[in-house]
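Since the structure comes first, as structure tokens, the remarks are kept for the end.
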């Protein structure tokens with residue numbers, strides 16, 4: 001499991017949208033999408 005997959009799994013377990021998580025951690029939705037799909 002990659003780091004991006006783990007981020008996505010935890011986000012879904014917490015029932016957060018990408019927008020909500022991105023806002024909470026201070027990054028754009030586009031950046032969070034890149035983290036989840038391409039790794040960090």
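FYI, it's all coordinate maths here, none of it is from the lab. All values derive from a computational prediction rather than experimental measurement. So basically every Cβ, Gly included, is an ideal-geometry build from the backbone, and we count neighbours across all protein chains shown.
Computed from the coordinates I sent, mean projected area of the Cα convex hull in nm² equals one of (i) 5.1; (ii) 2.8; (iii) 2.4. Tell me the label.
Answer by label: (iii).
Given contacts defined as C-alpha pairs under 8 Å and at least six residues apart, what's the relative contact order of the chain, whole-number percent?
Once normalised by length, the contact order is 55 percent.
Report the label-to-label distance for residue 33 and residue 10 in nanometres (one decimal), using points 7 Å from each Cα along the Cα→Cβ vector.
Going from the residue 33 label point to the residue 10 one covers 2.2 nm.
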